[in-house]
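Below is one structure, written out as structure tokens, with a few remarks after it.
The values are calculated or read from the model by the stated rules, or taken from the named source; none is laboratory data. Values in this document were obtained by computation on a predicted structure and should not be read as measured data. Positions of Cβ are backbone-derived with ideal geometry, glycine not excepted, and every protein chain shown enters the neighbour counts. Calculation scope for accessible area: heavy atoms of the full protein, side chains included, ligands and nucleic acids excluded. Shrake-Rupley method; radii C 1.70, N 1.55, O 1.52, S 1.80 Å.
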Amino acid sequence: MAASLDAAQGLSHRPPGRPVRAARLRLSGLFWRHPWAKALLLLAPPLLAFILVYAASLVALFVSSFWTVDPFTSELKHVWNVDNYKTLWQAGAYHSIALRTIGIAAAVTLADAVLAFPLGYFMGRIAGGRSRAFIFVAVLLPLWSSYLVRVYIWRLILDDKGILNWTLQKVGLPAANIGYSNWAVWLIFTYVWLPFMILPVYGALERIPESYLEASRDLGAGNWTTFRRVVLPLALPGVVAGSIFTFSLTLGDYVTPLLAGGASSQFIGNVVYDSIGSQQTPFAAAFAAVPLAVMGVYLLLARKLGAFEAL
Amino acid sequence: MEPRSTRVVLAVWSTLVILFLWIPLALIVLYAFNKSNVQSWPIPAFTTHWFHAAWTSEVQTSLELSLKVGAIATGIAIVLGSAAAFGVARFRFFGREAVSFLLVLPIALPGIVTGIALSSAFETVHIDLSVWTIVTGHATFCVVIVYNNVLARLRRTSPSLIEASQDLGADGLQTFRFVVWPVLSTALVAGGLLAFALSFDEVIVTTFTAGSQNTIPLLILGYIRLGQQLPVVNVIACAMITLTVIPVLLAQRLMRDTGVLRRGAGNVTEAVESAQVTAV
């Protein structure tokens with residue numbers, strides 16, 4: 001503030017030349033009278049860049065899912081057909097991969113909700129200002145720290161010779177040996193996306209006015225009833241908002257199954273990745289449409305539950 | 001007020017969840033000092049040798065590429081993201097929601113979709129993969145970070161201040177310099193820092209837009225997959241974890257400082273809002 005005041009005084013010492021100033025005022029006036037010109041000037045560059053580069057690529061990708069690749073020349077043949085989708089529909093292997101992906105995404109979401117809710121409640125309604133700020137940073141830092149590094153460290157933890165088995169052995173329990181399995185994939189996803197669940201759940205719980213809870217008690221509800229009938233319904237949009245992240249991020253991932261999964265941990269993303277590697281772009285595009293469709297349905301449901309207001 | 005027992009249980013649960021989040025991060029720091037080539041537990045002996053040994057030419061080349069891509073992508077994101085935020089915050093027009101939707105798309109869709117869409121588009125129009133294709137990929141998802149930060153800040157700033165500035169005779173440039181900029185600058189820096197952090201860490205889109213080049217995450221992904229150079233991976237991992245602290249804490253501080261002119265309260269709220277939308 002002080003700096004800008006100094007600067008303002010500096011400006012009054014050295015006013016811009018009259019014609020320049022007049023031109024600037026005229027220009028400002030012009031934009032004031034024609035706000036759409038200013039809006040156009042601001043919005044055109046980002047929108048054009050996004051439409052020409054990003055949206056166009058997406059549409060082209062979707063269109064290419066209805067084409068095929070010549071098996072001999074591996075050239076793209078622009079013949080309209082739904083063969084790629086037929087293959088997906090008919091081959092059982094792809095069903096189980098899709099089901100595994102969706103199933104693990106759902107399990108991750110559930111685990112994150114269970115872990116996050118009490119923490120969000122503590123953060124939003126019990127902790128004081130300082131400890132709240134501390135927890136906030138403690139959740140935010142893992143969220144922003146490298147995804148790849150966090151997956152890698154879990155590989156070391158869950159390895160047969162890792163710290164998990166060592167700890168279990170020390171306390172006299174049998175070794176877990178869950179490295180390179182679907183359990184590992186589930187656990188790692190739960191870990192990696194947890195902060196994305198905590199933040200919206202905390203946000204939703206923090207916003208509930210204390211007076212609602214007092215009113216509920218005045219009307220004779222016990223703690224449990226107040227929780228079930230007042231807190232839970234008001235917090236639900238936050239949980240659903242968090243679940244959008246945990247669910248969709250798991251659904252589209254391929255790095256964690258690749259690095260930490262076993263032989264039967266393939267996700268939709270892995271098949272897409274491999275198809276691209278073997279020049280089967282149309283098939284990859286078709287399979288990539290599956291998580292998009294699932295997310296589309298999920299987002300519609302989430303909107304019904306009021307998750308977007310909690311975002 | 002919740003009963004005491006409930007509060008204790010919640011406090012314990014919260015502590016455990018925070019530990020769950022942080023123990024792995026602490027472990028990666030320990031592993032960076034692991035003397036052995038084998039990454040098992042307990043760590044047999046400690047050394048600082050790898051910190052020196054990790055500075056290979058491969059790592060240097062990748063680091064250079066990562067920094068370059070991050071800087072350019074962040075620059076593009078700041079220009080396009082803040083322009084879009086101003087447009088959306090200040091004007092009411094048909095399709096306003098569609099703008100937000102379009103900008104959020106790259107982080108709302110799975111990274112692999114963005115990645116394969118861009119790579120097949122580059123192939124179709126015969127653009128060879130280069131620094132610029134990586135930058136294009138990163139810029140698409142960095143724009144929304146800046147956009148969200150700037151938009152959140154603008155929504156908290158009363159538009160009447162700008163009118164007041166104009167009533168007092170300031171032209172557009174002066175209004176921007178003395179009214180808008182002091183409010184906006186911290187949000188812009190915060191958004192830029194987070195965009196850079198995101199770009200620096202990105203794996204999936206980069207895989208499809210990098211060709212034979214390696215950014216730091218691609219380099220260590222390759223090492224991890226092949227089980228090679230794991231001590232080097234440990235050191236880079238440790239460095240990445242400790243270095244994230246800087247931009248994130250800085251951005252966090254800057255977001256809390258909502259500038260001189262604020263409408264409505266809430267420092268944490270703004271941070272939560274931008275972190276959430278940002279972080280997809």
Quiz item: Does A:I153 qualify as being hydrophobic (A, V, I, L, M, F, W, C) and more than 25 Å from A:T246 (Cα to Cα)?
Solution: no
Self-check item: Residue among B:I76, B:I28 that is in contact with a Cys (Cβ under 8 Å, 6 or more places away or on another chain), of a type in the set (V, I, T) and farther than 30 Å from A:A37 by Cβ
Solution: B:I28
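Residue check: is B:T15 in contact (Cβ under 8 Å) with a residue 60 or more places away in the chain and out of contact with any Lys or Arg (no Cβ under 9 Å at 6 or more places or on another chain)?
Spelling it out, it is not the case that B:T15 is in contact (Cβ under 8 Å) with a residue 60 or more places away in the chain and out of contact with any Lys or Arg (no Cβ under 9 Å at 6 or more places or on another chain).
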Exercise. Would you mind finding the one in B:V143, B:V179 that is within 11 Å of chain A (Cβ to nearest Cβ), buried (at least 21 other Cβ atoms within 10 Å of the Cβ) and more than 22 Å from the chain's Cα centre (by Cα)?
Key: B:V179
Quiz item: So which residues in the range B:121-140 are open to solvent by 40 Å² or more (accessible area, probe 1.4 Å) and small (G, A, S)?
Solution: none
Self-check item: In the range A:65-89, residue modelled with the highest pLDDT [restricted to those that are over 20 Å from A:N270 (Cβ atoms) and open to solvent by less than 60 Å² (accessible area, probe 1.4 Å)]
Solution: A:F66
Quiz item: Can you tell me which of A:G103, A:G128, A:G92 is more than 28 Å from A:A235 (Cβ to Cβ), loosely packed, with under 15 Cβ neighbours inside 10 Å and either polar (S, T, N, Q) or free of Cβ contacts under 8 Å to residues at least 40 places away in the same chain (or both)?
Solution: A:G92
Exercise. Output the helices (runs of 4 or more DSSP H) that fall wholly within the range A:210-311 and possess 1 or more residues being crowded, with 21+ Cβ neighbours inside 10 Å, or say none.
Key: A:232-251, A:255-260, A:268-277, A:281-304, A:307-310
Quiz item: What number of residues within the range A:141-168 are of a type in the set (D, E, K, R), assigned to a helix (DSSP H, G or I) and in contact with a Gly (Cβ under 9 Å, 6 or more places away or on another chain)?
Solution: 1
Exercise. Go through B:L250, B:L161, B:L188 for me and flag whichever is surrounded by fewer than 21 Cβ atoms within 10 Å (Cβ to Cβ), under 29 Å from B:L30 (Cα atoms) and either in contact with a helix residue (DSSP H, G or I) (Cβ under 8 Å, 6 or more places away or on another chain) or polar (S, T, N, Q) (or both).
Key: B:L250
Self-check item: Subset tally (residues that are touching a residue at least 24 places away in the same chain (Cβ under 8 Å), open to solvent by 30 Å² or more (accessible area, probe 1.4 Å) and assigned to a loop (DSSP other than H, G, I, E, B)) for the range B:27-45
Solution: 1
Quiz item: How many residues are of a type in the set (A, V, I, L, M, F, W, C), open to solvent by less than 10 Å² (accessible area, probe 1.4 Å) and at the interface with chain B (Cβ under 7 Å from one of its Cβ atoms) if we restrict to the range A:141-166?
Solution: 3
Quiz item: Taking the condition hydroxyl-bearing (S, T, Y), open to solvent by 30 Å² or more (accessible area, probe 1.4 Å), at pLDDT below 85 and part of a loop (DSSP other than H, G, I, E, B), does B:S212 pass?
Solution: no
Quiz item: Is it true that A:V137 is farther than 22 Å from A:F267 by Cα, open to solvent by less than 40 Å² (accessible area, probe 1.4 Å) and within 10 Å of chain B (Cβ to nearest Cβ)?
Solution: yes
Quiz prompt | Matching residues, the range B:46-70, being aliphatic (A, V, I, L, M) and open to solvent by less than 40 Å² (accessible area, probe 1.4 Å) | solution = B:A53, B:A54, B:V59, B:L65, B:V69
